[in-house]
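The values are calculated or read from the model by the stated rules, or taken from the named source; none is laboratory data. If you're wondering where the values come from, they're calculated on a predicted model, not measured in any experiment. Ideal geometry is used to build each Cβ from the backbone, glycine not excepted, and the neighbour counts take in all protein chains shown.
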Amino acid sequence: MLAYVIRRIFVSIPILIGSTILVFIMVKFSGDPLEGLKMRNPPPPRQTILNEEHRLRLDKPVWEQYWLWLKGLVLHGDFGPSVHGNINIGHELGDRLFVTLRLVVLSVLIALIFAVITGVVSAVKQYSATDYSFTFLGFLFLAMPSFWFAILLKSAGIAYNQATGTEAFFTIGEKSVLLTDDSGWGQFKDIAGHMVLPTISLALISYAAWSRFQRASMLEVLNSDYVRLARAKGLRSRQVLVRHALRTALIPLTTVTALDIAALLGGAVITEMVFQWHGLGDYLLRSIRDHDAYAMMGWLLVSAIIVIVFNLIADLLYSVLDPRIRYE
Amino acid sequence: MSEIRASSVTTSGAPQPTSPTGAADREFTVKERSQLQQAFRRFLRHRLAVLSLVLFILIVLLAFVGPLIWKYKYTDITPDNSQPPSPAHPFGTDSLGHDWFAQVLRGLQQSVKVALCIAIVASTLGVVWGGVSGYYRGISDSVLMRLADLILTIPAIALAAALGNIGGGTWWMIALVLGGLSAPLVARAVRGVVLSLREQEFVEAARALGASDRWIILRHLVPNAFAVVIVYATLLVATGILSETALSFIGFGVHPPDTSLGLLIYQAQSAVQTRPWLFYFPGLFIILIALTVNFIGDGLRDAFDPRQTRQRR
């Protein structure tokens, strides 16, 4: 198992290098990092522009820029120079990583739990009123733009706060700027309170697709011969459903979840924007606006690593769910 | 698709074994139908899908014909500002006095246009990509599929936001970028279909008869992969409109002075409680489009692959 994990990590290195090369080329096309400086009025002296070009390595050929970036990253953990000379991209990403990660991880868990429950219930009670209502909700959430729903949730939270005169829902930021109770518990409560609405809004989008998927795979398993055999043997229906059917029906969902992680990270960008979180998504939007090439590279590297780690976890989960799979 | 035919009895609609002698000497009236015609008939039986198709066509008509008929243009500023919906302004007006119905019509037009183009670009590119990959296999397959994997590990919205600005944020550039980023999904599916088709006897028979690669791809593989592609293309319209509006919402899609449904929602987000009509109408249209397109896609999938429906009816 451990050997397998280590091997997988080594295999993912070429993937990371490949995707960073691809993105580096694309980012180079996306705009001039010095546009802001050059458009400044009055125009800065020529020497300033040349200095900046040198600092951002723009005076070198593209392949050398990439090589320097990779070398700096591997040898010194340096993410390259930012357009804003006083900002260290590595520190910025590190500070924001956990803000975004806790949003994404919790959303995935909540979406999975609800998707499995409603998918299984829908499949077991196929064509019942419950099935139809879950199906209707699934289609509705699938068609709903995530940002629209997030704003709706946010304004519902604000309306509730106003109606009750309390601070029941936090709608802005990932934590309070001024906290009266700064003990460990107080901080935890504050962060948890800020997470409620953003997590729901991010989770619902993936929930819709996953619950449809879980319903389909559960139906397929329920109609298979071995489940019929288990029933014919006289096993209790609870045991048939959970031990025999559900375990098998979870395998396809694991694949889909791993594939959707990239989309979820994209969704987090939008959720963070609506709820004004200072996470990775917020940093990405700012970097794109400033044509901050190395900051974009840093963001894409971090999210590619997250995607790869989630895929690895999914592969390890296979072996838990499917005893035929053994990783040596 | 003329060579893949199956005749069917009109009354039951169930496929019958093809008779080599033809229909003339049978006692029932038997009409010969192509695969496409059969799929079309099955689609018509899917009531929700047909209803959705009608609704979707109406929305598209509204998007393209509506702005020509409606009395206000989206650039017009009327003397009424922040009016709730009324007969004069069915969707109300914003604080500057823009007629919101005209704004939504324009946004709808841009968003629908981009979404349709995304579907066309992604499925065309995806068919070529997956087709080449699945048919020729070997090195070109590995390279093309690894490239598809790479693109799919990167959050599409991030890449689209970075790249969409290249052409100054014109709608066709956005469609091109988003379409290109969705192409790997189609490519994977098409490759799968082609890989399984090329091993089948009728392809082998064609090759034995001396058919060229070009003939086999165009006359055998493409028509059979058509079902998969058309379903993907339909569903891509739904994801396309969601990604275009999201992109415009975060500020990297359609720019003012032009507008899109996503941009309208961005502009209305602070007005949810004070002037809710500004926020709800554009969102409603996005949901309506995505919903109808998903139902159409479902109907098409069932129509092209009746085996899947076995458990449904």
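The set of residues in segment A:109-135 being surrounded by fewer than 20 Cβ atoms within 10 Å (Cβ to Cβ), at pLDDT 90 or above and under 26 Å from the mean Cα position of the chain (by Cα) consists of A:Leu109, A:Ile110, A:Ile113, A:Phe114, A:Val116, A:Ile117. Considering segment B:252-278, the residues that are buried (at least 17 other Cβ atoms within 10 Å of the Cβ) and facing chain A (nearest Cβ under 7 Å) include one that is farthest from A:Ile151 (Cα to Cα), namely B:Phe252. For B:Ala161, the requirement of being in contact with a Phe, Trp or Tyr (Cβ under 6 Å, 6 or more places away or on another chain) and within 12 Å of another protein chain (Cβ to nearest Cβ) is met. Take A:Ile325 and tell me if it is crowded, with 18+ Cβ neighbours inside 10 Å, over 16 Å from A:Phe98 (Cβ atoms) and of a type in the set (Val, Ile, Thr). For A:Ile325, the condition - crowded, with 18+ Cβ neighbours inside 10 Å, over 16 Å from A:Phe98 (Cβ atoms) and of a type in the set (Val, Ile, Thr) - is not met. Filtering segment A:255-286 to residues that are without any contact (Cβ under 8 Å) to a residue 40 or more places away in the chain, more than 30 Å from A:Ser217 (Cβ to Cβ) and within 10 Å of chain B (Cβ to nearest Cβ) leaves A:Leu284, A:Leu285. When B:Leu108 is tested against (1) farther than 27 Å from B:Ile174 by Cβ; (2) aliphatic (A, V, I, L, M); (3) surrounded by 16 or more Cβ atoms within 10 Å (Cβ to Cβ), just one condition goes unmet, and that condition is (1). With respect to A:Ala304, is the statement that it is at pLDDT 85 or above, part of a helix (DSSP H, G or I) and more than 10 Å from every other protein chain (Cβ to nearest Cβ) true? No; evaluated as a whole, the condition is false for this residue. Restricted to segment B:218-313, the set of helices (runs of 4 or more DSSP H) holding at least 2 residues that are under 20 Å from the mean Cα position of the chain (by Cα) and more than 23 Å from B:Val121 (Cα to Cα) comprises B:276-304.
Pairs meeting the criteria (first residue in segment A:182-202 and farther than 28 Å from A:Leu152 by Cβ, second residue part of a loop (DSSP other than H, G, I, E, B), beta carbons under 9 Å, at least 6 apart or on different chains) are A:Gly186/A:Leu179; A:Gly186/A:Thr180; A:Gln187/A:Lys175; A:Gln187/A:Leu179; A:Gln187/A:Asp181. The numbered conditions (1) within 14 Å of chain A (Cβ to nearest Cβ); (2) surrounded by fewer than 16 Cβ atoms within 10 Å (Cβ to Cβ) are all true for B:Ala115 except (2). Segment A:17-99 holds helices (runs of 4 or more DSSP H) entirely within its bounds, and those carrying 2 or more residues that are within 26 Å of A:Ile305 (Cα to Cα) and in contact with a helix residue (DSSP H, G or I) (Cβ under 9 Å, 6 or more places away or on another chain) map to A:62-76. The requirement of being within 20 Å of A:Phe169 (Cα to Cα), more than 13 Å from chain B (Cβ to nearest Cβ) and buried (at least 20 other Cβ atoms within 10 Å of the Cβ) is fulfilled nowhere in segment A:219-242; no residue meets it.
Checking each residue in segment B:280-293 for being facing chain A (nearest Cβ under 7 Å) and without any contact (Cβ under 8 Å) to a residue 60 or more places away in the chain picks out B:Gly283, B:Ile287, B:Ala290. Checking A:Ser183, A:Ser176, A:Ser146, A:Ser155 one by one, the residue that is away from chain B (no Cβ under 14 Å), out of contact with any Asp or Glu (no Cβ under 6 Å at 6 or more places or on another chain) and among the hydroxyl-bearing types (Ser, Thr, Tyr) is A:Ser183 and no other. Taken across segment B:182-197, residues that are assigned to a helix (DSSP H, G or I), closer than 30 Å to B:Pro256 by Cα and out of contact with any strand residue (DSSP E or B) (no Cβ under 7 Å at 6 or more places or on another chain) do occur, with at least one present.
Would you pick out the residues in segment A:63-89 that are in contact (Cβ under 8 Å) with a residue 60 or more places away in the chain and surrounded by 19 or more Cβ atoms within 10 Å (Cβ to Cβ)? Matches in segment A:63-89: A:Trp69, A:Phe79, A:Gly80, A:Pro81, A:Ser82, A:Val83, A:Ile89. Filtered by the rule that a residue be over 16 Å from B:Thr234 (Cα atoms) and either of a type in the set (A, V, I, L, M) or in a strand (DSSP E or B) (or both), segment B:37-47 gives a lone residue, B:Leu44.
The conditions of being buried (at least 24 other Cβ atoms within 10 Å of the Cβ), in contact with a helix residue (DSSP H, G or I) (Cβ under 8 Å, 6 or more places away or on another chain), in the same structural domain as A:Leu140 (by TED's automatic domain parsing) and not aromatic (Phe, Trp, Tyr) are met by A:Ala203. Give me the residue from segment A:6-35 that is more than 14 Å from chain B (Cβ to nearest Cβ) and more than 22 Å from the chain's Cα centre (by Cα) and, out of that set, nearest to B:Leu144 (Cα to Cα). That would be A:Phe10. Selection of segment B:132-158 for residues being within 12 Å of chain A (Cβ to nearest Cβ) and not in a loop (DSSP other than H, G, I, E, B) yields B:Val143, B:Arg146, B:Leu147, B:Ala148, B:Asp149, B:Leu150, B:Ile151, B:Leu152, B:Thr153, B:Ala156, B:Ile157, B:Ala158.
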